[in-house]
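The values are calculated or read from the model by the stated rules, or taken from the named source; none is laboratory data. Small disclaimer: the values here were computed from a predicted structure and weren't measured. With ideal geometry, Cβ positions are generated from the backbone for all residues, glycine too; neighbour counts draw on all protein chains shown.
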Amino acid sequence: MPQEYQLPDRVYKYPFELIMLAYERRFPTCAMIPAFLGSETIYEHKSKDGAVHVIERRCKIDVEAPYLLKKVCGADYVYFNQRNSLNLRNRTLNIVATNETFNNRVKIKEECSYKPHPDNEEWTIFTQRATLNIINFFGIEAQVEKLGIKAYHKNIKKGKEIIMFYINELKTEGVDTAPRWTQPDNVESESDSECDSFASADDDSRLEDVGDDYKLDSDYINTHLGELNPMEECSIIQLAKRMKQTFDKIPDERVLLRFLRARNFDIEKTREMLIKSMAWRKQFNIDAHLDIWSPPPIIEKYLPGGWHRNDKDGRPVYILRLGHLDIKGMLRAVGEDALLRYALYICEQGIQKTNATAQISSWTLLIDLEGLNLRHLWAPARIAMRRFTEVMEQNYPETLGVVLIVQAPRLFPLAWTLVKSFINENTRRKCLVYGGNDYLEDDGIHSYIHREDIPDFLGGPCPCKIECNGLVPREAYTRSTEDVLEKEAGLQSLYKNCTLKKGEIHEVQVEADIDGVITWDFDCVLGELQFSVSHRTFSQPQCNSSLAGLVEMAGITYSTTPSPTDSYTDKIVEDSTVCSYLEGDSVQGSYYVSKPGTYVLSWSNATPPANLSTKSTFLYSIEMIEPKDYAGSVSSLTSSFSNLSSAGSSWNSSSVASWNSMVSR
């Protein structure tokens, strides 16, 4: 399939006639293009009045290709035919170049033009597009295409430099203007028919007209998008034209570029992604989101986040003090949809801020993990985060420039293991993690944020207005844990419901390998509970300890000591895990396995005799993180983040102690 490339219009702030004088100096050879070995004129025509000049050259090009590839092709050089049609009366130069070498295997065609700028006739605009169609090339079509694209882009980058080089050379010679063509006296003016017939001589192979309704010049790119390579510039134009075939109004070039980067500049994949996002924005009226939606008071008071200055690259900085966020209270008070709306609100604010600054299309996210605990790993919170992440990545791709994670505690590797699976790889590469106070080192966040802008809660001099107001009060809850779980079918299967009468005990048995992590999450819905974690030793081995991961036996409820076929001994692994929990308590905990074998998680009805209710009801979920997953997560941190702090890089399973349960009352 032919590949089409169209480059942004290039603007020279010089008259057409002076540009033509500079252009002609490129021939017969050009020292600034080493691959251009020379040219010979094979056809030339000049009109009697000097207005029309048609010239065809045979150009010799050195092929930058591996030695073996040259041997396979049987050629050290390739030849191109270039036809230039200059019309000084109309002030246009049209250029058509096609390959002569391997013409039966590869079709290369480039069309360029110089003409006065439509808004200023004293300037000159240059347009350029090309097609590459590899028909059959000794079975190495893909390699040839890559080499061709690479060589084409390399020469494009030099194009403007060459013209400007010869312009400056003319100026040193005292030539800074060139007269326009005028009709000579006593010379009959010829028509442009010969030039036109020459330009259309190969009409069957000319590029399909894709329309000129969309224009993008290199000066606009440099001003608003920053430095791009020719492939990126070409992709923006191609995507815009493809979108305009379907839509009258399309997003601006900053948005196109972000979506292209998210899909590795695959035009069709980007177009599909962009169309879905445009439909989503229309369905939920996202364009007016900042005007028609305001964060609920609970979010404004208890969500510790906000915008704070800019980083060294000029990107806005958003700070989220995640360790101080009561995510469980938030979900029970305002719900997942309201939190998603707030996330969209922040993203729209970010776009508004970046659009106000040239060449800025992303922002910096600073996440403070001071206070991070197991409450933040509540399964419904992770499900909500997965949903938020999917919406962000599908509709706000490449809006994060860098993610600075500071004050990461010992718990961080476990947290990362549980959430990394639904974070896009491109986003993970942007994350920089600093454990403890390592963010204060010379290679810490000072590399990204000016020292005078470091917020005061991180030891900097800049006052930060982000408030941390603690837990969401229970009286603000509008939904129970059961309500939160019922919304997600996946959570219903993850959590189990258990009711215990007085004196009854419920056990769950887990087989764990060394260096694994057992995690639990339960809510006391009714009555009171006592919970413990024990290591069970049998008089005779019951299970093969080499079994990796979670082998959760069916939860067993009994009223007295069970009568197992083999005797065993239970040893409580942590005294602090034997606790009583009241109705409404939410508990998250984990235990690092230092000794392989059978572990028992046990709940018992601890309702006092005076209590009218004789039952205890609770919801629970248990997850087993296998050693290979846990170690792999820590290893991925080290390999994924180029600027991981020394404390972060020292995190491993042997340095992680057991973690106690966290209870919210």
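Screening residue 329 with (1) buried (at least 19 other Cβ atoms within 10 Å of the Cβ); (2) not assigned by TED's automatic domain parsing to the domain that holds residue 416 gives one miss only, at (2). Among the residues of segment 51-68, is any in contact with a helix residue (DSSP H, G or I) (Cβ under 7 Å, 6 or more places away or on another chain), at pLDDT 90 or above and either under 21 Å from residue 107 (Cβ atoms) or not assigned by TED's automatic domain parsing to the domain that holds residue 106 (or both)? No, because not a single residue in segment 51-68 is in contact with a helix residue (DSSP H, G or I) (Cβ under 7 Å, 6 or more places away or on another chain), at pLDDT 90 or above and either under 21 Å from residue 107 (Cβ atoms) or not assigned by TED's automatic domain parsing to the domain that holds residue 106 (or both). Every condition in (1) surrounded by fewer than 21 Cβ atoms within 10 Å (Cβ to Cβ); (2) farther than 25 Å from residue 390 by Cβ; (3) within 24 Å of the chain's Cα centre (by Cα) is met by residue 236 except one, and the failing one is (1).
Of all the numbered requirements in (1) of a type in the set (Lys, Arg); (2) in contact with a strand residue (DSSP E or B) (Cβ under 6 Å, 6 or more places away or on another chain); (3) without any contact (Cβ under 8 Å) to a residue 60 or more places away in the chain, residue 375 misses one, and that requirement is (3). Scanning segment 295-312 for residues that are surrounded by fewer than 12 Cβ atoms within 10 Å (Cβ to Cβ) and touching a residue at least 24 places away in the same chain (Cβ under 8 Å) yields nothing.
Of all residues in segment 264-294, those satisfying the criterion of being free of Cβ contacts under 8 Å to residues at least 24 places away in the same chain and under 17 Å from the mean Cα position of the chain (by Cα) are 264, 266, 269, 272. Does residue 342 satisfy being of a type in the set (Phe, Trp, Tyr) and touching a residue at least 60 places away in the same chain (Cβ under 8 Å)? Against the criterion (of a type in the set (Phe, Trp, Tyr) and touching a residue at least 60 places away in the same chain (Cβ under 8 Å)), residue 342 does not qualify.
Within segment 435-447, is there a residue that is without any contact (Cβ under 8 Å) to a residue 12 or more places away in the chain and in a helix (DSSP H, G or I)? Yes - at least one qualifying residue is present in segment 435-447. Consider segment 1-50 and keep the residues that are under 17 Å from residue 159 (Cα atoms), hydroxyl-bearing (Ser, Thr, Tyr) and in contact with a helix residue (DSSP H, G or I) (Cβ under 8 Å, 6 or more places away or on another chain). The one that is modelled with the lowest pLDDT is 5. Does residue 502 meet the test of being within 27 Å of residue 587 (Cβ to Cβ), out of contact with any helix residue (DSSP H, G or I) (no Cβ under 9 Å at 6 or more places or on another chain) and either crowded, with 17+ Cβ neighbours inside 10 Å or modelled with pLDDT of 85 or more (or both)? In short, yes. Condition first: assigned to a strand (DSSP E or B) and modelled with pLDDT of 55 or more. Can you find one or more residues in segment 546-556 that meet it? Yes: segment 546-556 contains one or more residues that are assigned to a strand (DSSP E or B) and modelled with pLDDT of 55 or more.
Residue pairs whose Cβ atoms lie under 6 Å apart, sitting 6 or more positions apart in sequence or on different chains, and linking a residue in segment 618-630 that is in the same structural domain as residue 514 (by TED's automatic domain parsing) and closer than 8 Å to residue 520 by Cβ to a partner that is assigned to a helix (DSSP H, G or I) and modelled with pLDDT under 80, are 621/494.
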